[in-house]
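These notes are about the structure you will find just below.
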Amino acid sequence: MNTGAVQETARRGSRAWLTPARKQALAPYLLMSPAFAILTGILVYPSLYNIYLSMWKWRLTTPHLSTFVGIDNYVRLLTADPDFWPVTRFSLGFTVATIALEFIIGVASALLLYGLVRGRRLMTSFLLTPYMVAPIAVGLGWRLMWDRDIGIVNYIITFVGLAKVNWLAETDAAFWAIVISEVWRSTPFVTMILLAGITALPNEVFEAAHVDGANRVQVFRRITFPLILPPLVVALLFQTIFKLRVFEIPYILTEGGPGTSTMPYGLLIQRTYFRYFDVGNAAATSVVLLVLGTGIALAYLRLIQDRDG
Amino acid sequence: MARGEEQIGPGIPSFPAARGAMMVLLAFSLFPILWIMLTSVKNETAIFSIPPKVFVSPDFSSYWKFLGFGNESALRFIWNSTFIATITTFLTLFVSSLAAYAFSRYRFRASNYLLFFMLATRLLPPVTAVVPLYLLFRYLQILDTRFILILIYTALNIPFGTWLMKAFFDGIPKELEEAAALDGCGALRTLARVTFPLASSGIAATSIFVFLLAWNEFMFAFMLTNVHARTIPVRLAETMGEMQVFWQDMSTLATLIMLPALLVGFFMQRYLIRALTAGAVK
């Protein structure tokens, strides 16, 4: 503390604690306190509170019979629960399939948009539209199109002479119906990030390659692709995290069926809690999802740090 | 943008094959949206006809039903959604601007850790908060109120909003604020007259993003509301009956939800893309 501040302190007497220097030091904490209060109270604390809830055998219908059971809920979930592993398998398969497709379509769209000489803005707007649509509306719109009897997809299939598919009631068909609907919705996110990445690249690189006689495929493989890899990796990892949250589209298209073959974690938690009123198991499932999400998030942050450092 | 046909660019697309691919992508992107809109003006007979009808005499009856004041009016749900999304946008902007300003302008010890913590929360799956929040709100007897949805949507958007606003504050030179201070502006006046106007494009980008997320959100609204605070996405999901979907009702409500979002996306594209790509491309 410098002499000025000491004098100031002396002069103020009883309010001595709050010196201008301290005021300055406290200001940022004061400014960010509302943000952290809401964030902690509504998201962080409730998520962690699951750990406590998950150690109880507790049904909403019979709260007076609650007993502390330790890790029993986890043991049951991982070894005896008929739904947990199918749900995990669906989530992983869904993540891999959607991300692979979004990556391919996203790269193609970004290159095509970049290559447009006229109408690029308008075309970008059009390709961005699916991302604006509420996921719940995406689900219902595609349900209309996948419908066995009146759906446009089956109409096209029979038009070219193939047999109708019962899209939403057969395990494999339902999986792909959900994947394609989700790819339709969220590819624009990948496209936009890649387009921004490509646009940020200096044009000279391409010109130099062109002068050296490289063809289009070579330019893409040797120059563009390595240069857009960093934003690409970030986009894809974000997408991975978002795929674990998928809820609306499977809920609308199949309600997780047939059986539990297309059920995401969110729907499993919702069902355990709101249909079976089983607080302990819903909380245990949440904790497992939390651990999985945190694992992916840490991998993601690690990758970003490596990139920056 | 004068790029000649000769130029090779970043590789691959070449005309006219590229033009064909573009058309396929365009059709894939727009067809489902147009199909929903078309279905909303078809009556039952037209919806169930095979081959599917494209040219129908439009039947707007379900629009009158939902936008009128009768029994099945959806105005209440539209109002709930509008109210929740608007208040969420203002609250998020206010709270995250304050935090972003602190992160951008003050050097203090915990700064990096707090920013890291804030961004890390964005990576947690929000569904894990549902059960504890339900128990909490039930205990406080505030289930099924617009208030809790506003709080939740704000919490969900704070990390991203702060991150975005911080990027915009970082872009405003500190010297401008210092000059204003020298001219006798107090801290608050500097903020109101200098910093915020300069960050207006950031504020636009953040508001659009937050508004759309709140307007479109379904999962929390579905699980935590019942009658009073029901939003339009939840009403949309109810067109899915036990045995069948009421297709015309469904596509009408879907169109009503989509329209504002599509208009915003179309006319505010620049801001939206900025918000989407912030964080991934530096």
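Taking every alpha-carbon pair under 8 Å whose residues sit at least 6 apart, the stretch A:199-309 reaches a relative contact order of 19 percent.
A Cβ-based charge dipole, computed about the Cα centre of the protein assembly as shown with Lys and Arg at +1 and Asp and Glu at -1, lands at about 1340 debye.
Residues of the stretch A:29-56 whose accessible area (probe 1.4 Å, heavy atoms of protein chains only) drops by at least 40 Å² once all protein chains are present, relative to their chain alone: A:TYR29, A:LEU31, A:MET32, A:ALA35, A:PHE36, A:ILE38, A:LEU39, A:ILE42, A:LEU43, A:VAL44, A:PRO46.
Mean projection of the Cα convex hull over all viewing directions, computed for the protein assembly as shown: 34.6 nm².
Leaving ligands, DNA and RNA out of it, rank B:MET23, B:MET243, B:MET250 by accessible area with a 1.4 Å probe, largest first.
Numbers: B:MET23 100, B:MET243 180, B:MET250 0 Å².
Reading off the accessible areas and sorting them downward yields B:MET243, B:MET23, B:MET250.
The residues of the protein assembly as shown expose, per residue, 47 Å² of accessible area to a 1.4 Å probe. The shape of the stretch A:198-241 can be summarised by an equivalent ellipsoid whose semi-axes, obtained from the alpha carbon gyration tensor, come to 26, 11, 5 Å from longest to shortest.
Ellipticity at 222 nm from helices only: DSSP H runs of n ≥ 4 in chain B, each -39500 (n - 2.57), divided by the residue count, give -20500 deg cm²/dmol. How long are the semi-axes of the ellipsoid equivalent to the stretch B:108-240, from square roots of 5 times the Cα gyration tensor eigenvalues, in whole Å, largest first? Sorted largest first and rounded, they come to 37, 17, 14 Å. Our summary gives the stretch A:85-308 a relative contact order of 28 percent, counting only alpha carbon pairs under 8 angstrom and 6 or more residues apart.
Under 5 Å from the amide H of A:TRP56 lie the amide H atoms of A:VAL69, each residue being 5 or more positions distant or on a separate chain, with H modelled from the backbone and absent for Pro and chain starts. Once both labels are positioned 7 Å from their Cα atoms along Cα-to-Cβ, the gap between B:LEU182 and B:VAL245 label points is 6.4 nm. With all protein chains in place and a 1.4 Å probe, the accessible surface of the protein assembly as shown carries 66 percent carbon and sulfur.
Separation of the alpha carbons by more than 25 angstrom is noted, of A:LYS23/B:LYS166; A:LYS243/B:LYS53; A:LYS23/B:LYS174; A:LYS164/B:LYS53, for A:LYS243/B:LYS53. Taking each DSSP H run with n ≥ 4 as -39500 (n - 2.57) and averaging over every residue of chain A yields -22500 deg cm²/dmol at 222 nm.
Remark on chain B: ratio of C-alpha radius of gyration to 2.2 N^0.38 Å is 1.25.
Charged neighbours of A:ASN154, selected by a Cβ distance under 10 Å, balance to 0 (K, R count +1; D, E count -1). Ordered from longest to shortest, the equivalent ellipsoid semi-axes for the stretch A:132-240 are 39, 18, 11 Å, each the square root of 5 times a Cα gyration tensor eigenvalue.
Rounded to the nearest whole Hz, the Karplus-based 3J(HN,Hα) values (6.51 cos²θ - 1.76 cosθ + 1.60, θ = phi - 60°) of the stretch A:79-95 follow the sequence 10, 10, 6, x, 9, 4, 5, x, 5, 4, 4, 4, 4, 5, x, 4, 4, with x at glycine and proline. Around the Cα centre of the stretch B:67-277, unit charges on the Cβ atoms of Lys, Arg, Asp and Glu (plus for the first two, minus for the last two) sum to a dipole of about 500 debye. Between B:ALA18 and B:ARG107, the distance separating the two model label sites (each 7 Å from Cα on the Cα→Cβ line) works out to 4.7 nm.
For B:LYS65, the lysines whose Cα falls under 16 Å of its own Cα, not counting residues fewer than eight places away in the same chain, are B:LYS42. Here the scattering of the stretch A:57-136 is modelled by Debye summation over its C-alpha atoms, one equal scatterer each and no solvent; at q = 0.27 Å⁻¹ the log10 of I(q)/I(0) is -1.21.
Each part gets one Cα centre, and for the stretch A:216-242 versus the stretch B:252-274 those centres are 27 Å apart.
Taking the Cα centre as origin and putting +1 on Lys and Arg beta-carbons and -1 on Asp and Glu beta-carbons, what dipole magnitude results for the stretch B:158-282, to the nearest 20 debye? Kindly include the intermediate steps, with their values, before the conclusion.
Working: 9 positive and 9 negative charges, 38 e Å.
Value, rounded to 20: 180 debye.
Net charge in the neighbourhood of B:LEU224 (other residues with Cβ under 14 Å of its Cβ; Lys, Arg +1, Asp, Glu -1) is +1.
Considering only A:ILE198, A:PHE225, A:THR187, the residue lying farthest towards the positive end of the dipole of the stretch A:174-241 is A:THR187, judged by Cα position with unit charges set on Cβ. Only protein heavy atoms count here; under a 1.4 Å probe, A:LYS57 has an accessible surface of about 130 Å². In a solvent-free Debye calculation with one equal scatterer on each Cα, what is log10 I(q)/I(0) for the stretch A:168-309 at q = 0.14, 0.19 Å⁻¹, listed in the order of the q values? Rounded to two decimals, the profile gives -0.84, -1.14.
Binning all Cα-Cα separations of the stretch B:34-109 at 5 Å, short to long from zero, yields these whole-percent fractions: 3, 13, 13, 11, 10, 10, 8, 7, 7, 6, 5, 4, 2, 1.
Taking chymotrypsin sites (Phe, Trp or Tyr not before Pro) in DSSP loop conformation with at most 16 other Cβ atoms inside 10 Å as exposed sites, chain A has its longest uninterrupted site-free stretch at A:18-275.
Working from Cα pairs under 8 Å separated by at least six residues, relative contact order for the stretch B:132-282 is 28 percent.
Measuring from centroid to centroid over Cα atoms, what is the spacing of the stretch A:37-68 and the stretch B:175-248 in Å? Taking the Cα centre of the stretch B:175-248 as reference, the centre of the stretch A:37-68 is 29 Å away.
Restricting to Cα atoms and excluding each atom paired with itself, what does the Kirkwood estimate give for chain A in Å? Can you show the working numbers first?
On the way: mean 1/r = 0.0419 Å⁻¹.
Hydrodynamic radius (Kirkwood, Cα only) of chain A equals 23.9 Å.
Could you give me D for the stretch B:17-64, from Stokes-Einstein at 4 °C and 1.567 mPa s, where the hydrodynamic radius is the Kirkwood radius over C-alpha pairs? Units µm² s⁻¹, please. Please report the intermediate quantities before stating the final value.
Details: Rh = 12.3 Å.
After rounding, the answer is 105 µm²/s.
Coupling constants for the stretch A:106-118 follow from the phi torsions by the Karplus curve (6.51 cos²θ - 1.76 cosθ + 1.60, θ = phi - 60°), and in residue order they are x, 4, 4, 4, 5, 5, 5, 5, 4, x, 5, 8, 10 Hz; glycine and proline get x.
Once Lys and Arg get +1 and Asp and Glu get -1 on their Cβ, which of B:ILE148, B:SER97, B:ILE232 lies farthest toward the positive end of the dipole of the stretch B:67-277? After comparing all options, I get B:SER97. For chain B, the longest principal axis of the C-alpha atoms and the axis of helix B:130-139 are separated by about 90°. Residues with beta-carbon under 11 Å from that of B:PHE48, excluding B:PHE48: net charge, scoring Lys, Arg +1 and Asp, Glu -1? Value of the local net charge: -1. Buried accessible surface for the B/A pair, both sides summed and rounded to the nearest 100, is 9600 Å² with a 1.4 Å probe. I'd like the distance between the alpha-carbon centres of the stretch A:104-127 and the stretch A:129-192, rounded to an integer number of Å. Result: 23 Å between the Cα centres.
The values are calculated or read from the model by the stated rules, or taken from the named source; none is laboratory data. Just so you know, these numbers come straight off a predicted model, no measurement behind them. Every residue, glycine among them, receives a Cβ derived from its backbone with ideal geometry; neighbour counts consider all protein chains shown. Heavy atoms of the whole protein, side chains included, go into the accessibility calculation; ligands, DNA and RNA do not. Shrake-Rupley method; radii C 1.70, N 1.55, O 1.52, S 1.80 Å.
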